[in-house]
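Reading through the structure tokens given below for one structure.
The values are calculated or read from the model by the stated rules, or taken from the named source; none is laboratory data. Owing to the predicted nature of the structure, the values given are computational and were not obtained by experimental measurement. Cβ placement follows ideal geometry from the backbone for every residue including glycine, while neighbour counts extend to all protein chains displayed.
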Amino acid sequence: MKYRIVYDSRTGNTQRVAGAIEKGLAAYTGAVCRIEEALEQGPDPETDVYFVGFWNDKGTCSEGVQAFLSRLHGTQAALFGTCGMGSSEAYFRQVEDRVKALLPEDCGYLGAFLCAGRMPAQVLERYRKMQQQEDSPRIRMMIRAYEEGQSHPDEADLTQAAAFAAAAMERALAGKPNEKP
């Protein structure tokens, strides 16, 4: 069974997770590419399982990832991503639900791995300016999320991503996707 890891990474966080997923899939035959290349080439007819990575863009994935996901007819897909705004499981589930809804109905869904991710310094600068104008609980929460995300993805996140990938591939081999998107 062939896999392909396709990812979109703005700051390098999702690229690091893609590397961990590749390590988790070392026993299988596959390839890794950035979203731009995947969009240009389109889905590979010989690929059975896609691991599609994204950075969280306002609660979902980028337009490029959205376009790629919509083309995965008749395959199986697992999602992975990094979220700069928090690391709560409830938030991760919301993001997962939005992104998996973009998969075609005939695509077997193998699950998702999401973790916190470091954001660029400009984001903190923007939050601090907002705080100077209005110091609200919401802005303080955004600053706290920024600070907490600075150490992610960490080694524990990368280890979990590799384990997730191996488990997803085992489900794919067994013909047991989690559910339809």
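Got a sec? Which of GLY175, GLY111 is of a type in the set (Gly, Ala, Ser) and within 22 Å of PHE68 (Cβ to Cβ)?
Numbers: GLY175 fails: within 22 Å of PHE68 (Cβ to Cβ).
Result: GLY111 is the single residue among GLY175, GLY111 that is of a type in the set (Gly, Ala, Ser) and within 22 Å of PHE68 (Cβ to Cβ).
In this structure, ALA18 qualifies as assigned to a helix (DSSP H, G or I), of a type in the set (A, V, I, L, M, F, W, C), in the same structural domain as ALA112 (by TED's automatic domain parsing) and in contact with a Ser or Thr (Cβ under 8 Å, 6 or more places away or on another chain). Being over 15 Å from ALA77 (Cα atoms) and not aromatic (Phe, Trp, Tyr) is a property that holds for ALA27.
Residues that are part of a strand (DSSP E or B), within 12 Å of the chain's Cα centre (by Cα) and either more than 18 Å from LYS176 (Cα to Cα) or not aromatic (Phe, Trp, Tyr) (or both) within the range 44-78 comprise VAL52, GLY53, PHE54, TRP55, ASP57, THR60, ALA77, ALA78, listed in sequence order. In the set (1) surrounded by fewer than 18 Cβ atoms within 10 Å (Cβ to Cβ); (2) modelled with pLDDT of 90 or more, the condition left unmet by LYS58 is number (2).
So if I check each of ALA145, ALA161, ALA156, which one is assigned by TED's automatic domain parsing to the domain that holds GLY19 and surrounded by 13 or more Cβ atoms within 10 Å (Cβ to Cβ)?
Working: ALA145 fails: assigned by TED's automatic domain parsing to the domain that holds GLY19; ALA156 fails: surrounded by 13 or more Cβ atoms within 10 Å (Cβ to Cβ).
Being assigned by TED's automatic domain parsing to the domain that holds GLY19 and surrounded by 13 or more Cβ atoms within 10 Å (Cβ to Cβ) holds for just one of ALA145, ALA161, ALA156, which is ALA161.
Scanning the range 21-34 finds one or more residues that are among the hydrophobic types (A, V, I, L, M, F, W, C), crowded, with 24+ Cβ neighbours inside 10 Å and either under 20 Å from ALA162 (Cβ atoms) or in the same structural domain as THR159 (by TED's automatic domain parsing) (or both).
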